[in-house]
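A.B. asks: Got a structure for you, written out below as structure tokens; questions coming shortly.
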Amino acid sequence: MGIHFTWDTQLEDVARYTAHDPWDWKEFHRVVRVSTFSFYKAKRLVDSIVDFRGTTLPAGAVGHIRSIGRKQNEFMSGRAVVIGLDAATVQQIGAVDGIFRTGEQSIAFADDNDEAYQIMQLWRKG
């Protein structure tokens, strides 16, 4: 089934990546890379939501998840919310108070869509 990209808003400022078993990290990164070409038409910086609910994470999850949301072009915000990870994995990633930060990158972790959008609203308010 794999990884699917869709716009989560009519403004096309939230990219959603949804995993459906079976999938692997090579496919995930390919879909993310290809989707970024559509970011050039965005009218504001694009945030990302990655939804892993109900899937099995392939080996190497910690390292791959740390790369989610990393700015690959000037249209990306560097912010992402990952939905559906267990607390142990979030801890292994190195999140502090539910957020993993490096340079221009912030990855937050949520249990559901409502929580993901609450986090994004806080980010966008500044």
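A.B. asks: At 0.36 nm per residue, and after removing the present C-alpha to C-alpha distance, how many nm does the segment from Asp86 to His20 gain when stretched out fully? Provide the component values of the computation, followed by the final result.
C.D. replies: Working: separation 66, 0.36 × 66 = 23.76 nm, distance 1.70 nm.
Length difference between fully extended and current span is 22.1 nm.
A.B. asks: Another question, then. Once you place label points 7 Å from the Cα toward the Cβ at Ile99 and Leu122, how far apart are they in nm?
C.D. replies: Taking the two extended label points, one gets 0.7 nm.
A.B. asks: Please label the shape of segment 1-42 as rounded, prolate or oblate, based on the square roots a ≥ b ≥ c of the eigenvalues of the alpha-carbon gyration tensor (a/c under 1.5 means rounded; beyond that, a/b larger than b/c means prolate, else oblate). Could you put the intermediate results ahead of the total?
C.D. replies: Details: a/c = 4.09, a/b = 1.75, b/c = 2.34.
Verdict is oblate for segment 1-42.
A.B. asks: Among Thr55, Thr18, which comes first, then next, by fewest other beta-carbon atoms within 10 Å? Don't skip to the answer; put the middle values down first.
C.D. replies: Details: Thr55 16, Thr18 21.
Ranked by crowding around the Cβ, least crowded first: Thr55, Thr18.
A.B. asks: Shifting gears a bit: In whole Å, how far is the Cα centre of segment 1-46 from that of segment 91-126?
C.D. replies: Taking the Cα centre of segment 91-126 as reference, the centre of segment 1-46 is 18 Å away.
A.B. asks: Which of Ile107, Ala88, Val34 sits closest to the plus end of the dipole of segment 1-110, meaning its Cα is farthest towards the positive end, when Lys and Arg get +1 and Asp and Glu get -1 on the C-beta?
C.D. replies: Most positive-ward Cα: Val34.
A.B. asks: Continuing with this model, one more query. Give the calculated FRET efficiency between Gln10 and Ser67 to the nearest 0.05, with a Förster radius of 35 Å applied to their Cβ-Cβ distance. It would help to have the intermediate numbers written out before the result.
C.D. replies: Numbers: r = 28 Å, r/R0 = 0.80.
The value I calculate is 0.80.
A.B. asks: So, one more: Scan (i) 40, 32, 29; (ii) 70, 30, 20; (iii) 36, 32, 26 for the value of Cα extents along the principal axes in Å calculated from this model and give just the label.
C.D. replies: (iii)
Bear in mind these aren't lab numbers, they're just calculated from the coordinates by the rules spelled out. Predicted model, so just to flag it, every value in this text is computed and none were measured. Note: ideal-geometry Cβ built from the backbone for every residue, glycine included; neighbour counts use all protein chains shown.
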